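Q: Questions regarding the structure given below will be posed in turn.
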Amino acid sequence: MVNASLQPSGALLRPDPAFFPVGGTLEGYRKALATQGPNLVSSVVIALGTVVVSLVIAAPASYALAQLKVRGGTVLVFVLLIVQLIPGIVMANALYTVFGNLGLIDSYAGLVLADATATIPFAVLLLRAFMISVPRELTEASRVDGAGYWRTFFSIILPVSRNALVTAGLFAFLFAWADFLFAVTLTTGQSFEPITVGIYRFVGNQSADWNGIMATAVLAAIPAAVLLVVAQRYVVAGLTSGAVKD
């Protein structure tokens with residue numbers, strides 16, 4: 001993909017394409033930045049908004065399911081598992097009708113909420129699996145010292161759940177960043193569009209300009225790749241810490 005993005009479009013159509021971009025060009029990146037730059041910014045805004053909404057809702061919900069005796073908690077966990085099985089196209093069609101009535105079509109809030117419907121159940125299941133392993137003696141000691149549920153949540157649970165929170169936030173970001181189904185269903189392209197939809201329409205309009213298409217794909221992959229490298233140790237710790245039980 002990087003190789004193709006640095007070669008002239010004509011070079012990619014030859015019978016014997018080069019394996020290395022000797023005498024390459026950055027014209028594809030110039031076109032990609034000129035046409036897809038705003039779409040990249042839109043995707044960053046949507047992905048960060050999805051992370052914030054997901055963690056704000058999933059973290060306290062996971063705390064309640066893991067550490068507090070919530071009536072119907074087991075049933076709720078089962079429902080969250082079932083929600084994971086609903087096809088995305090079913091969710092997208094249902095959300096289109098609801099968001100159309102609420103005026104959320106072609107809005108950042110609409111896409112953030114749509115992506116959050118998929119990321120929140122996963123984040124709750126992930127965080128709950130970790131928070132169950134937090135010793136109850138910690139929370140009971142804080143309660144004995146006079147801390148309420150919220151004080152215990154902010155002062156005890158959140159600090160010790162840092163790795164799991166980073167992991168849940170990372171998966172929420174990656175889902176929202178790569179989302180195409182909700183994006184193409186809930187936007188018309190008149191005001192803004194995420195990078196996934198931008199690439200889709202760029203391919204349709206520039207089907208012969210393969211170095212520009214590959215340059216756009218490279219630019220779209222960079223934020224997710226950098227984020228994965230930076231947060232790698234937190235992800236490994238977050239996934240494995242809730243995988244075993246003493």
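The values are calculated or read from the model by the stated rules, or taken from the named source; none is laboratory data. Only a predicted model underlies this, so the values are computations on that prediction, with no experimental measurement involved. Please note: Cβ atoms are built from the backbone with ideal geometry, for glycine as well, and neighbour counts cover all protein chains shown. Quick note on the areas: whole protein, heavy atoms, side chains included, nothing else; ligands and nucleic acids left out. Shrake-Rupley method; radii C 1.70, N 1.55, O 1.52, S 1.80 Å.
Q: Taking Phe171 as the residue in question, decide whether it is out of contact with any helix residue (DSSP H, G or I) (no Cβ under 6 Å at 6 or more places or on another chain), closer than 29 Å to Val197 by Cβ and touching a residue at least 24 places away in the same chain (Cβ under 8 Å). So that I can check it myself, show each step before the final result.
A: On the way: out of contact with any helix residue (DSSP H, G or I) (no Cβ under 6 Å at 6 or more places or on another chain): yes; closer than 29 Å to Val197 by Cβ: yes; touching a residue at least 24 places away in the same chain (Cβ under 8 Å): yes.
Answer is yes for this residue.
Q: Could you give every pair whose Cβ atoms fall below 8 Å, whose first residue belongs to segment 31-44 and is assigned to a helix (DSSP H, G or I), and whose second residue is open to solvent by 60 Å² or more (accessible area, probe 1.4 Å) and of a type outside the set (Asp, Glu), counting only separations of at least 6 or pairs across chains?
A: Listed by first residue and then by second, the contacts come to Lys31/Gln206; Ser42/Tyr108.
Q: Still on this structure, I have one more. Search segment 202-217 for residues being at pLDDT 80 or above and open to solvent by 20 Å² or more (accessible area, probe 1.4 Å), and hand back the single one that is nearest to Phe182 (Cα to Cα).
A: Selected residue: Ala217.
Q: Just one of (1) in contact with a Ser or Thr (Cβ under 9 Å, 6 or more places away or on another chain); (2) free of Cβ contacts under 8 Å to residues at least 40 places away in the same chain trips up Pro87, so point out which.
A: (1)
Q: Restricting attention to segment 98-157, which residues are of a type in the set (Asp, Glu) and either part of a helix (DSSP H, G or I) or within 22 Å of Val52 (Cβ to Cβ) (or both)? First the steps, then the outcome.
A: Within segment 98-157, the first condition is being of a type in the set (Asp, Glu), and the residues that meet it are 106, 115, 137, 140, 145.
Asp106, Asp115, Glu137, Glu140 - these are the residues of segment 98-157 that are of a type in the set (Asp, Glu) and either part of a helix (DSSP H, G or I) or within 22 Å of Val52 (Cβ to Cβ) (or both).
Q: Please determine, by comparing only the residues of segment 141-165 that are open to solvent by less than 10 Å² (accessible area, probe 1.4 Å) and touching a residue at least 24 places away in the same chain (Cβ under 8 Å), which one is nearest to the chain's Cα centre (by Cα). If you could, list the steps in order and put the result at the bottom.
A: Step one: list which residues in segment 141-165 are open to solvent by less than 10 Å² (accessible area, probe 1.4 Å), which gives 152-153, 157, 161, 164.
Retained after the next criterion (residues that are touching a residue at least 24 places away in the same chain (Cβ under 8 Å)): 153, 157, 161, 164.
Numbers: Phe153: 24, Ile157: 23, Ser161: 19, Ala164: 15 Å.
Filtering first and then ranking leaves Ala164.
Q: Within the group Ala168, Ala178, which residue is surrounded by fewer than 19 Cβ atoms within 10 Å (Cβ to Cβ) and of a type outside the set (Asp, Glu)?
A: Values: Ala168 fails: surrounded by fewer than 19 Cβ atoms within 10 Å (Cβ to Cβ).
Just a single option satisfies the conditions, and that option is Ala178.
Q: Please work out which residue is surrounded by the fewest Cβ atoms within 10 Å (Cβ to Cβ), limiting yourself to segment 75-128 and to residues that are within 16 Å of Ile57 (Cα to Cα) and of a type in the set (S, T, N, Q).
A: Thr117
Q: Keeping to segment 219-245, report how many residues are more than 18 Å from Ser42 (Cβ to Cβ), of a type in the set (Val, Ile, Thr) and modelled with pLDDT of 80 or more.
A: From segment 219-245, those more than 18 Å from Ser42 (Cβ to Cβ) are 225-226, 228-245; that's our starting set.
So of that shortlist, the ones also of a type in the set (Val, Ile, Thr) come out as 226, 229-230, 235-236, 240, 244.
Going one step further and asking which of them are modelled with pLDDT of 80 or more, we end up with 226, 229-230.
Residues flagged as more than 18 Å from Ser42 (Cβ to Cβ), of a type in the set (Val, Ile, Thr) and modelled with pLDDT of 80 or more within segment 219-245 amount to 3.
Q: Of these, Thr25, Thr50, which one is at pLDDT 90 or above and open to solvent by less than 90 Å² (accessible area, probe 1.4 Å)? Don't jump to the end; show me each part of the working.
A: Numbers: Thr25 fails: at pLDDT 90 or above.
Of Thr25, Thr50, the one residue that is at pLDDT 90 or above and open to solvent by less than 90 Å² (accessible area, probe 1.4 Å) is Thr50.
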